[in-house]
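What follows is a set of notes on a single structure, which appears directly below.
The values are calculated or read from the model by the stated rules, or taken from the named source; none is laboratory data. Note that the structure is predicted; figures quoted are calculated from it, not measured. For neighbour counting, all protein chains shown are included, and Cβ atoms are generated from backbone atoms with ideal geometry for every residue, glycine included.
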Amino acid sequence: MKHLYPKITPNGTHFLKVSDTHQIYVEDAGNRHGIPVIYCHGGPGAGASSDFRRYFDPEKYHIILFDQRGCGRSLPSPSIEAVDLDALVHDIEHIRRYFNIKHWLVAGGSWGTTLAIAYGVRYPQQCLGFILRGVFLASQAEYDWLYRSNGVAKFFPEYYQDFISLLNEQQRQDPLSAYYELVTSDNEVAAIAACKAWFLFESRMSSIEHQADSIMDVEDPHTAHCLAMQSAHFFYHKSYLKDGELLGKIHKISHLPAFILHGRYDMICQLSVAFELANVWQNAKLQVLPVAGHSGFERQTIDAFCKATDQMAQFINVS
């Protein structure tokens with residue numbers, strides 16, 4: 001069983017101006033002469049964890065993390081102004097040019113897989129390959145699974161009941177739209193309560209090894225606000241994608257190698273979605289993690305991700 005690589009500090013931190021209103025936080029670590037890799041965090045809006053650096057051997061990789069615009073340490077935060085999928089893809093390309101990188105490995109987890117694929121199909125020539133954990137393709141079926149009563153609610157009825165407890169009977173017919181209205185409301189008290197409830201609902205379903213128990217476990221209101229606001233914003237707008245659009249464009253990157261890692265008991269992102277992706281990606285290898293959920297920091301997921309980065313480094317060096 002592999003463990004995360006040792007903790008390392010960044011080589012440098014950067015704030016890149018990407019629009020009239022937005023600066024994004026970017027950091028690089030590891031070997032600046034190594035294989036460049038960018039990691040796309042989930043959420044949307046969750047921000048980058050310092051532990052994402054630890055998926056990669058710092059002697060082999062030049063590791064780049066960033067907080068997507070409008071969240072985390074990026075400025076302003078939280079914000080959904082001028083925040084859409086095209087903007088985030090543009091920001092990744094801006095980062096590549098800033099570091100003068102010719103092409104790089106693209107990695108991500110959860111919503112970060114959505115963003116990684118969206119970037120890849122837009123800029124396939126800049127990509128060496130992909131490592132994707134907990135696949136989300138932003139289809140209507142995936143939104144319905146998460147927020148309608150006949151999806152994940154069947155597995156976690158008590159958590160779903162808590163999630164919709166803020167909503168009246170009419171709002172419960174379309175919880176996603178109702179939450180979008182709440183988290184973007186001028187009523188600060190209602191918005192904060194909705195953000196905490198959204199964050200708790202997702203946290204409770206994320207792991208089969210460790211779980212948030214109550215609203216008191218939401219220790220960082222800023223993170224909860226960013227995640228809830230941006231997730232509701234993107235999902236209300238269908239992630240600015242047509243249904244099935246990403247899957248339909250995989251042919252643009254299917255010649256590139258990809259490791260797809262997915263927990264069998266992932267309750268947020270369904271295994272069937274990863275299976276469908278692997279079936280249309282000719283050079284992808286799907287690894288089903290038999291006793292893992294959605295979190296990127298469960299033991300089997302850490303083991304699989306670190307092994308994937310090691311194998312990808314060998315493949316890229318050989319090729």
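Scan region 89-109 and give yes if some residue there is closer than 24 Å to Ser206 by Cα, surrounded by fewer than 23 Cβ atoms within 10 Å (Cβ to Cβ) and modelled with pLDDT of 95 or more, otherwise no.
The initial filter retains those residues of region 89-109 that are closer than 24 Å to Ser206 by Cα, namely 106-109.
Then drop every residue that is not surrounded by fewer than 23 Cβ atoms within 10 Å (Cβ to Cβ), which leaves none.
Among the residues of region 89-109, not one is closer than 24 Å to Ser206 by Cα, surrounded by fewer than 23 Cβ atoms within 10 Å (Cβ to Cβ) and modelled with pLDDT of 95 or more, which makes the answer no.
Of the residues making up region 8-18, those that are in contact (Cβ under 8 Å) with a residue 40 or more places away in the chain and closer than 28 Å to Ala82 by Cα are His14, Phe15, Leu16, Val18.
So which of Ile24, Ile64, Ile38 ends up being at pLDDT 95 or above, in contact with a helix residue (DSSP H, G or I) (Cβ under 7 Å, 6 or more places away or on another chain), of a type outside the set (D, E, K, R) and over 23 Å from Phe259 (Cβ atoms)? Walk me through how you get there before you give the answer.
Details: Ile64 fails: over 23 Å from Phe259 (Cβ atoms); Ile38 fails: over 23 Å from Phe259 (Cβ atoms).
The unique qualifying residue is Ile24.
If you take the residues of region 34-62 that are assigned to a loop (DSSP other than H, G, I, E, B) and among the aliphatic types (A, V, I, L, M), which of them is farthest from Leu146 (Cα to Cα)? Filtering first and then ranking leaves Ala48.
Checked against the criterion of being over 30 Å from Arg299 (Cα atoms) and either buried (at least 16 other Cβ atoms within 10 Å of the Cβ) or charged (D, E, K, R) (or both), the candidates Ile192, Ile131 yield just one match: Ile192.
Only residues that are part of a loop (DSSP other than H, G, I, E, B) and of a type outside the set (Phe, Trp, Tyr) were counted across region 250-294, and they come to 18. Put simply, of Leu182, Leu132, Leu167 the only residue that is touching a residue at least 60 places away in the same chain (Cβ under 8 Å) and either of a type in the set (A, V, I, L, M) or under 21 Å from Gln270 (Cα atoms) (or both) is Leu132. Can you spot a residue in region 244-253 that is touching a strand residue (DSSP E or B) at 6+ places or on another chain (Cβ under 8 Å) and in the same structural domain as Leu286 (by TED's automatic domain parsing)? Yes, the conditions are met somewhere in region 244-253. Across region 6-40, the qualifying residues are those that are among the aromatic types (Phe, Trp, Tyr) and surrounded by 21 or more Cβ atoms within 10 Å (Cβ to Cβ), and the one among them that is nearest to the chain's Cα centre (by Cα) is Tyr39.
If only residues of region 287-316 that are exposed (fewer than 15 other Cβ atoms within 10 Å of the Cβ) and free of Cβ contacts under 8 Å to residues at least 40 places away in the same chain are counted, the one that is nearest to Glu202 (Cα to Cα) is Pro290.
Sub-9 Å Cβ pairs linking a first residue in region 19-33 that is free of Cβ contacts under 8 Å to residues at least 60 places away in the same chain and within 9 Å of Lys60 (Cα to Cα) to a second residue that is surrounded by fewer than 16 Cβ atoms within 10 Å (Cβ to Cβ) and among the acidic types (Asp, Glu), at least 6 apart or interchain, are Gly30/Glu59; Asn31/Glu59, ordered by first then second residue.
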